[in-house]
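Worksheet: the structure to be examined is printed underneath.
The values are calculated or read from the model by the stated rules, or taken from the named source; none is laboratory data. Just so it is clear, the structure is predicted and the values come from calculations on it, not from any experiment. Cβ placement follows ideal geometry from the backbone for every residue including glycine, while neighbour counts extend to all protein chains displayed. The protein model used for the area step is the full one, side chains on, heavy atoms only, and it has no ligands, DNA or RNA in it. Shrake-Rupley method; radii C 1.70, N 1.55, O 1.52, S 1.80 Å.
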Amino acid sequence: MSRIQVDNIFDKAGTGSPTFPAGSVVTGVSTATTFSGNLTGTATNAQGLSGTPNIVTGSVTGTTGVFTGNVSVGGTLTYEDVTNIDSVGIVTARSGLRIVGGGATVAGIATFHDGADIEGFKIEDGQTAATPNGEFNFYLSSGHFFRYTGTPGADYFPNFKHSASINLNDRMDVNDVVTATLAVNSPAVTYHIANTIHIDGNATGENSYTIDTDWVGGSAPSAGNGSGYDIYSFTIIKTADKNFTVLANALGAA
């Protein structure tokens, strides 16, 4: 007999399923609501899979997945969003790294290359200009080092801002601190930095800004060094909204 055509198959008693002690070979489609035991062959879909079997497959495509244990990946794991990462190797973020809460704790050395952006302040080569003359804009988003290579034409002082369109007050929280360094060519003692520091285009009393500038040694320089560069450092502390303390220091000629 080469063919059996029936609608239903039961055991001899007619009350249960038949058994196949030598196995069963199905060349077409087999449909089942549940499955128990080992399965060999190729599955075209995952309908009705349940239990805790071990599955070895070439590729898996799905919409969601929940893993209560560990997941090991021998190659590259690519993902759009993730809550926690515990990596024993290198983690590479292709299009940027955003930390929206909790901050970042680095136990080893953190290296930031040219163009890195930390809290809106870029790490770059710094800014250069030819001739200082009165007030000049010190945009911290373009670097925290400003160097004037030309001969000063008058006393000069910085106006600190985040960038041309963003105020420093809008980027700093209370008790945040930022530092900056100014180097000015000093061929003569005639001109030097003035005892005036502006932030966001404002001096003390302008637009509710309070800027308390404290010079190391008690007073601002009264002359340039007359050789090399006059070097100044600034530590800017935001103490309240539109309130800043600036610790200024003339470091001498360089």
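Values for this structure:
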item	result
Boolean, S186 is in contact with a strand residue (DSSP E or B) (Cβ under 6 Å, 6 or more places away or on another chain), open to solvent by less than 60 Å² (accessible area, probe 1.4 Å) and within 13 Å of A250 (Cβ to Cβ)	yes
Number of the exception - N167 against (1) among the polar types (S, T, N, Q); (2) modelled with pLDDT of 95 or more; (3) in contact with a Pro (Cβ under 8 Å, 6 or more places away or on another chain)	(3)
Boolean, T204 is in a strand (DSSP E or B) and either touching a Ser or Thr at 6+ places or on another chain (Cβ under 7 Å) or among the hydrophobic types (A, V, I, L, M, F, W, C) (or both)	no
Of all residues in the range 169-180 being among the β-branched types (V, I, T) and surrounded by fewer than 16 Cβ atoms within 10 Å (Cβ to Cβ), the one that is farthest from Y209 (Cα to Cα)	T179
Subset of the range 191-231 [of a type in the set (G, A, S) and more than 16 Å from G134 (Cβ to Cβ)]	G205, S208, G217, G218, S219, S222, A223, G226, S227, G228
Residue match in the range 133-145 (condition: farther than 23 Å from R171 by Cα, among the acidic types (D, E) and modelled with pLDDT of 65 or more)	no
Residue check for T179: under 18 Å from R147 (Cα atoms) and among the hydroxyl-bearing types (S, T, Y)	yes
Considering residues of the range 193-212 that are within 22 Å of A164 (Cβ to Cβ) and charged (D, E, K, R) only, the residue surrounded by the fewest Cβ atoms within 10 Å (Cβ to Cβ)	E206
Matching residues in the range 213-232 - criterion: being assigned to a strand (DSSP E or B) and crowded, with 16+ Cβ neighbours inside 10 Å	T213, W215, Y229, D230, I231, Y232
Scan of the range 144-168 for residues that are loosely packed, with under 15 Cβ neighbours inside 10 Å and within 15 Å of T131 (Cβ to Cβ), ordered by number	T149, G150, G153, A154
Test: residue in the range 28-49 that is over 52 Å from the mean Cα position of the chain (by Cα) and at pLDDT 70 or above	yes
